[in-house]
Structure formats: C-alpha cells, structure tokens
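The next block holds one structure in the form of structure tokens; read it before the comments.
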Amino acid sequence: DPDIFRQTVEAVRRDWSDGIVLESRNPSSLLMASTVCEDGALLSGCDHQSLIGIGSMTGFPVVLRCDDISTLLDMVQECGTDCVLDPDAKNMKTCLERNTDLHRLSTKVPEADHPIMTRAWSGEYAMAMASVSAMRYGSLMIIDDMDREGCMILDSLSSSFCGHE
C-alpha cells in the first residue's frame, strides 16, 4: 500500500538521517515515499522504465537491475538520472564475473562507469557474497540480516579496498 509505505519511511526518517534505499515493486509506493526524503534516496525494486520515470521526476538516483550486461548498459542509456548497476548476481561466481566485466568495460564504455550494487541476502553466504563484491569493485551491498561481528568484518574489508583498482 503506497500510503502505508510512505508512513513507514516517514517513521524511519525520524530516527535515521543517513542514506536510505527505498525498494518497492509498486511505482506508486516509491513515488509517495520519496516525498518524505527531502535529502534524497536510492530508488529500487520495480521495472526499469518506472524507476527511470520516478528518478527523472524526483531527481533521485535509481538502481538498474538486469542479469545481462548488454541489456543493463542499454538501460543506462535510457536513464536521465544518476544510477547504480545491479548485475543481478545470484552467487559468488557470477558476482565476481559480472563485477569484473563491468569494471573492465568502465574504461571503454561510459554506461558501465557507475557504482555496482550486490544483493547478498543473509547469513554466512551473505558475508561471502559481500566480500567478493567488495574485492571486485562493488560499491554497495544490500544485506537482509547480519550480526554486528559480520558488519565489522565487512566494514574493515571495504575500507581496505577503498580506491582499489
């Protein structure tokens, strides 16, 4: 429900002033929730055309998600706002391959020169996926659930690879 989503985001924004990712498969929910994020948000979750439209209206960056690199780069060409690339890696091997491919392409193809996002779910596998992403040019990892120790380890790992070419 778009109104309930907006209210939830509003409640979160009262206690959280740092960056936020708004994710919904419902474009109306994203649009309504974006109204309470004056300082911006990263928009994700629905089809790329809806995201591009909402990003254009709000000026907020969007996550473009596709498991085919060529199609993903075509989406970037359509996008008139800042974007983050989600190559939709389902396991560590594809994460390594797609992040590396995007990084290599970024020196030759401007559409590939955007931050890379990895979804890592939860638990020990999430830590492994996020680690591979951090070591292979990932900029943002979305993790469903992780304990404090895991977060500290990933934070340390990410810091050690900051600026890594």
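The values are calculated or read from the model by the stated rules, or taken from the named source; none is laboratory data. Fair warning: this is a prediction, and the values are worked out from it, not measured in the lab. As a convention, Cβ positions derive from the backbone with ideal geometry for all residues, glycine included, and neighbour counts pool all protein chains shown. Note: areas computed on protein heavy atoms with side chains; ligands, DNA, RNA excluded. Shrake-Rupley method; radii C 1.70, N 1.55, O 1.52, S 1.80 Å.
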- Residue list for the range 10-23, restricted to those being open to solvent by 40 Å² or more (accessible area, probe 1.4 Å) and touching a strand residue (DSSP E or B) at 6+ places or on another chain (Cβ under 9 Å): 19, 21, 23
- Item | Matching residues in the range 68-81 - criterion: being in contact with a Pro (Cβ under 7 Å, 6 or more places away or on another chain) and at pLDDT 95 or above | 69, 72
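Being in contact with a strand residue (DSSP E or B) (Cβ under 7 Å, 6 or more places away or on another chain) and either open to solvent by 20 Å² or more (accessible area, probe 1.4 Å) or of a type in the set (A, V, I, L, M, F, W, C) (or both) is the filter; apply it to the range 119-133 and report the residue that is nearest to residue 77 (Cα to Cα).
Taking the range 119-133 as the starting set, the residues that turn out to be in contact with a strand residue (DSSP E or B) (Cβ under 7 Å, 6 or more places away or on another chain) are 119-122, 126, 129-130, 133.
Applying the additional criterion that residues be either open to solvent by 20 Å² or more (accessible area, probe 1.4 Å) or of a type in the set (A, V, I, L, M, F, W, C) (or both) yields 119-122, 126, 129-130.
Working: 119: 23, 120: 26, 121: 29, 122: 32, 126: 31, 129: 28, 130: 27 Å.
The extreme case among them is 119.
Of 116, 153, 142, which residue is under 27 Å from residue 76 (Cα atoms) and without any contact (Cβ under 8 Å) to a residue 40 or more places away in the chain?
Values: 153 fails: under 27 Å from residue 76 (Cα atoms); 142 fails: without any contact (Cβ under 8 Å) to a residue 40 or more places away in the chain.
The match here is 116.
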- Item | Extreme residue, farthest from residue 88 (Cα to Cα), among residues of the range 24-48 that are touching a residue at least 24 places away in the same chain (Cβ under 8 Å) and open to solvent by 30 Å² or more (accessible area, probe 1.4 Å) | 35
- Tally, over the range 1-25, of residues that are polar (S, T, N, Q) and in contact with a Gly (Cβ under 8 Å, 6 or more places away or on another chain): 1
- Task: Tell me, yes or no, whether the range 95-103 has at least one residue that is open to solvent by less than 60 Å² (accessible area, probe 1.4 Å), closer than 28 Å to residue 134 by Cα and in contact with an Asp or Glu (Cβ under 6 Å, 6 or more places away or on another chain).
- Result: no
- Item | Those helices (runs of 4 or more DSSP H) lying entirely in the range 68-165 with at least 1 residues over 21 Å from residue 23 (Cα atoms) and in contact with a Leu (Cβ under 8 Å, 6 or more places away or on another chain) | 69-78, 92-106, 123-135
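Would you pick out the residues in the range 1-57 that are basic (Lys, Arg) and either under 18 Å from residue 140 (Cβ atoms) or part of a helix (DSSP H, G or I) (or both)?
Our first condition is that a residue be basic (Lys, Arg); within the range 1-57, this holds for 6, 13-14, 25.
Within the range 1-57, 6, 13, 14 meet the criteria.
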